Structures are given as C-alpha cells and as structure tokens.
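Notes follow the structure.
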Amino acid sequence: MILPAKKYLCLEGNPQDKLYIVKKGLLQAQKREGAKSFIVGEAGPGTLIGEMSLLENLPCKFTYKAVEETELVVVDQQSLKQTLNRFPTWFEPILHFLAQRLRQAETYKSRTDKIRALPSLLFLMCRETEMGGKTTFPIETLIENLRIINGLGYNDTFHLVRALCSLNMAKIIPGEGVHLQVFNPKVVRLLYDTLLARAVDKKRPKTLLSGENQMILSAFVDSAKAKGFNYHDSTGVSSTDLFASYKRLLPGVKFISTSMTALGEEGYLYTYPAYLSSMKTEDIQLFYADIDKVMDILELNRIYPLLDKKLPESF
C-alpha cells in the first residue's frame, strides 16, 4: 500500500481492524486533547501501527498522517486467520491473552501517570491561588503547565481535576473557556505539603492525625459552633462543653487527655492551664484554638484517606 504525503492513514477513535507495518517513509502520530491536536510521535520503517486493532478490534489510538510518501504492508484479520491456521490451536488464545495483558498494562500505566501527576497539579493550583490571588481561574492554564511538567494530556488532566472535584475540593465551571473554582486554597496547600512530606521523608506526616486526635478536634469544632467564645484572639470552649460534645460524638469512649500533647505541639489545640502530662482531665478548664486552622486540618484528614478510592474511580 502506498500512502501519498499529507494523506491520513487512520483517524483517532475510528473503527479499525488492520495492522500496518511501515516499510518505507514516515508518518506523524497525532492525538486530540480538548480542542487541539498534538504531535505525540513518529512512525518510521519497521514500526507497527494498529496491532491492538487487528487482535482486539480496538479503535485507532492516534491519528496517523504521512509526512512523505509512505509504503506500508497491510495485514487484515482474514490474513491473520490464514496465518494462524498454520500454527497449533493453542497459539491464537495465547496471542489474544498477550494482547489483553498489553491493554491492561497500558491502562495501569495511564492511571499511574495521572496519580504521579497529582502533586504537580496541586502545586499549580497553589500557585494560582496564592500568587495570583484567585480562587477561580481558566483550567487551560493547569492543562498547559501540567503538560510541560508531567507530559500529561488534556483528557488525563481533566480526569485528575474531576477526581479533586469529587472530593469537594473544587468545582468545574463550564462555558466559553472552562474554569476551575477552588473552594479552600489552604486545604489544597495542606494536601500538597502532606504528599510532598510523605514522598521525601517516607513516613507518616504530622498533618495526618490519629483517629483519637481527629475526634478531639471534631468535638472542639462541634462545641465551638454552639458555645464558643473569643479567647486571646482564638476560639475558646469550656472543658465541660467539649467533653459533652466528645461524649455525644463517641458514646462510650473515654477521653484520652494524653492526646493533647501532640495536638499542642503541632499548634492545633491548647488548654488552660497549659497541658502537662501529669495533669488530670478534670484539671483542664478550657480549650482554645484557631478554629479555621482546626477545620482545615480536619478537612485534610477527611480527604487524604479517600484519594486511593476516588482517584481510580474518576479515571
């Protein structure tokens, strides 16, 4: 088969059931991302095009356009069948099994690439909200920058953004020029810093709280909303009110005062008098904290465990 220069061999997404082997010449592989097409590679002599289409009837993965006059060998399914008839009967099932494993490997790689790009996406969102001072910005900005940093395309980036939206971190605003609205930039920063700390130190970051500490902070927020008061430019609650909220949230579970050591060291929650390991629970008169900081750290601890579930679901 001879394909003239500037002519298309196949179009991305179109049905295809043939394998092409480039014998002579050169083709350009293009992939559509959103409203644009990008060159993703070239196919020269010896290159196979459409092996999964031949074996599994999958549509064209890319658009191929001849850069120059190109000679190709065409293998259709009838030719493949005739060839397979010369082999033992077990050969064809093995061939399809290998094709299936290849498809699974490609799917796994695609998911892995997107998950690895998450910290970069969060960094770019932080840059937009912190340096640009905006909570709503064009999604195209993220897409172009993530392509440069991680090589992630439009569709994959959109899937990743959609995963964050499913966690109630942001919202996609459709229309002419799609925008992304970030609900809480501080939580985005916390999640980015947490992922970075885990990658660098290879251990649990201090921003990820124990279940006990999360419940203490939840009880603080619950009691502060009902009976909180201003205390030294922070929000204070009486120990009686916090213990009542804790008991309501965790009936039958005893309040562990030693948890206050870690919460105080990290600056999340303080007591009056200042907590000492020798203190008894009844010695605490009140609790106080920056309630916005507490709510942000609780939101981080809500989101983080969901990443493993929500990311693959959105892909």
**Item:** For residue 142: the one exception among (1) at pLDDT 85 or above; (2) more than 17 Å from the chain's Cα centre (by Cα)
**Value:** (2)
**Prompt:** Considering the stretch 222-249 alone, what residues qualify as being surrounded by fewer than 18 Cβ atoms within 10 Å (Cβ to Cβ), of a type outside the set (S, T, N, Q) and closer than 18 Å to residue 293 by Cβ?
**Reply:** 225, 229, 231, 232, 233
**Fill in**
Exception for residue 87 within (1) closer than 30 Å to residue 145 by Cβ; (2) assigned to a loop (DSSP other than H, G, I, E, B) falls at (1)
**Item:** Wholly within the stretch 1-43, strands (runs of 3 or more DSSP E) carrying at least 3 residues that are charged (D, E, K, R)
**Value:** 27-33
**Fill in**
Given the conditions (1) of a type in the set (Gly, Ala, Ser); (2) touching a Cys at 6+ places or on another chain (Cβ under 8 Å); (3) part of a loop (DSSP other than H, G, I, E, B), every one holds for residue 53 apart from (3)
**Prompt:** Regarding residue 44, is this residue farther than 26 Å from residue 156 by Cβ, surrounded by 15 or more Cβ atoms within 10 Å (Cβ to Cβ) and not hydroxyl-bearing (Ser, Thr, Tyr)?
**Reply:** no
**Item:** Those residues of the stretch 101-139 which are charged (D, E, K, R), part of a helix (DSSP H, G or I), without any contact (Cβ under 8 Å) to a residue 60 or more places away in the chain and out of contact with any Ser or Thr (no Cβ under 8 Å at 6 or more places or on another chain), in sequence order
**Value:** 101, 103, 106, 109, 113, 116, 127, 130
**Request:** Using the structure shown, decide if residue 209 is buried (at least 19 other Cβ atoms within 10 Å of the Cβ), under 30 Å from residue 182 (Cα atoms), aliphatic (A, V, I, L, M) and out of contact with any Pro (no Cβ under 7 Å at 6 or more places or on another chain).
**Result:** yes
**Asked** Can we say residue 217 is surrounded by fewer than 21 Cβ atoms within 10 Å (Cβ to Cβ) and closer than 25 Å to residue 253 by Cα?
**Response** no
**Fill in**
If we keep only residues of the stretch 164-178 that are at pLDDT below 90 and touching a helix residue (DSSP H, G or I) at 6+ places or on another chain (Cβ under 8 Å), then the residue nearest to residue 135 (Cα to Cα) is 178
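Would you please name the residue that is farthest from the chain's Cα centre (by Cα), looking only at residues in the stretch 264-315 that are β-branched (Val, Ile, Thr) and under 17 Å from residue 221 (Cα atoms)?
271
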**Asked** In the stretch 81-100, what residues are free of Cβ contacts under 8 Å to residues at least 40 places away in the same chain and either over 19 Å from residue 17 (Cα atoms) or aliphatic (A, V, I, L, M) (or both)?
**Response** 84, 86, 87, 88, 89, 90, 91, 94, 98
**Request:** Considering each residue of the stretch 250-263, count those that are under 32 Å from the mean Cα position of the chain (by Cα) and either surrounded by fewer than 13 Cβ atoms within 10 Å (Cβ to Cβ) or modelled with pLDDT of 90 or more (or both), and give that number.
**Result:** 1
**Asked** If only one of 298, 307 is of a type in the set (A, V, I, L, M, F, W, C), surrounded by 11 or more Cβ atoms within 10 Å (Cβ to Cβ), under 16 Å from residue 194 (Cα atoms) and at pLDDT below 90, which one is it?
**Response** 307
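For the stretch 260-273, which positions are in a loop (DSSP other than H, G, I, E, B) and either touching a Phe, Trp or Tyr at 6+ places or on another chain (Cβ under 6 Å) or within 18 Å of residue 291 (Cα to Cα) (or both)? Steps first, answer last, please.
Here is the first cut: in the stretch 260-273, the residues in a loop (DSSP other than H, G, I, E, B) are 266-269, 273.
Hits for the stretch 260-273 are 266, 267, 268, 269.
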**Message:** Could you go through the stretch 60-76 and let me know if any residue there is part of a helix (DSSP H, G or I), crowded, with 18+ Cβ neighbours inside 10 Å and in contact with a Lys or Arg (Cβ under 7 Å, 6 or more places away or on another chain).
**Reply:** no
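The values are calculated or read from the model by the stated rules, or taken from the named source; none is laboratory data. Everything numeric here is computed off the predicted structure, so don't read it as measured data. Please note: Cβ atoms are built from the backbone with ideal geometry, for glycine as well, and neighbour counts cover all protein chains shown.
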